[in-house]
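This report concerns only the one structure given below.
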Amino acid sequence: MAKKQREPAATYEDPKTLVPWPGNPRQNDAAVEEVAASIREFGFGAPIVARLANREIIVGHTRWRAAVENLDLAEVPVRFLDVDEKQAHKLALADNRTGELAVWDDAKLSVALRELADEGGAIELPGFDEAEIAKLLAVGTAGADPATGEPKSREAPSE
């Protein structure tokens, strides 16, 4: 039996040929610069997903905006899906909502950040500001309140 030929996971396309979904209810203005910084440093971790029929973006509006508005990229990875408009919009909504359901394990995040700090000193990481990183680095360390990352106050020993 012959193996079924698979479609490529993504093709590289001119982002200016993609069309944002006008009804997209996500407000992504605040995230565009951080996403651009991430793309600058790491490249695209996931392609933009668009409808095959009309090139309307389903998933990746923020990556698209970062590519067009901040990075002026000539090509971006795009995964085209052959879905109707209703399915595309349902996927867009589900993709955004399901991403909100996950939560951080601050103790594990603290360990991961400390490992990065041990390898190269100061950490600059898109999506995290300096104060947040400092707070997270303190989580689980001696003298820090695990709930807040703030140093525990020391009380005078009682006599």
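Using a ≥ b ≥ c from the Cα gyration tensor of segment 32-113 (square roots of the eigenvalues), is it rounded, prolate or oblate, where a/c under 1.5 gives rounded and otherwise the larger of a/b and b/c decides, a/b for prolate? Oblate is the answer for segment 32-113, as a/c is 1.5 or above yet b/c matches or exceeds a/b.
Rounded to the nearest 20 debye, the dipole magnitude of the chain is 960 debye, with +1 charges on Lys and Arg beta carbons, -1 on Asp and Glu beta carbons, and the Cα centre as origin. Only lysine pairs 8 or more places apart or on separate chains count here, and in the chain those with Cα atoms under 27 Å apart total 5.
Think of a 1.4 Å ball rolled over the protein heavy atoms: the chain then has 71 Å² of accessible area per residue. Computed on the chain, with alpha-carbon pairs under 8 angstrom and 6+ residues apart, the relative contact order is 21 percent. Taken about its Cα centre, segment 89-142 carries a charge dipole of about 280 debye when Lys and Arg each add +1 at the Cβ and Asp and Glu each add -1 at the Cβ.
Using R0 = 22 Å, the C-beta based FRET efficiency linking Arg97 and Leu52 works out to 0.40.
FRET efficiency for the pair Trp104 and Glu69, taken as 1/(1 + (r/R0)^6) with r the Cβ-Cβ distance and R0 = 25 Å, rounds to 0.35.
DSSP bridge analysis restricted to segment 8-111 gives an antiparallel fraction near 50%, rounded to the nearest 5. Heavy-atom accessible area for His89, with the other protein chains in place and a 1.4 Å probe, reaches approximately 40 Å².
Between Ala10 and Ala30, the simple label model (points 7 Å from Cα in the Cβ direction) yields a spacing of 2.6 nm. If a/c stays under 1.5 just call it rounded; otherwise compare a/b with b/c (prolate if a/b is bigger, oblate if not). Do that for segment 1-61, with a ≥ b ≥ c from the square roots of the Cα gyration tensor eigenvalues. Judged from the Cα gyration tensor, segment 1-61 comes out oblate (a/c at least 1.5, b/c at or above a/b). Annotation note: GluC sites (Glu not before Pro) in segment 1-97 located in DSSP loop regions with a Cβ neighbour count of at most 14 within 10 Å are Glu75. Look at the dipole of segment 14-114 built from charges on Cβ: of Ala102, Pro77, Val35, the Cα furthest out on the positive end belongs to Ala102.
The values are calculated or read from the model by the stated rules, or taken from the named source; none is laboratory data. As the structure is a prediction and not an experimental result, all values here were calculated from the model. Every residue, glycine as well, gets a Cβ built from its backbone with ideal geometry; the counts of neighbours run over all protein chains shown. Note: areas computed on protein heavy atoms with side chains; ligands, DNA, RNA excluded. Shrake-Rupley method; radii C 1.70, N 1.55, O 1.52, S 1.80 Å.
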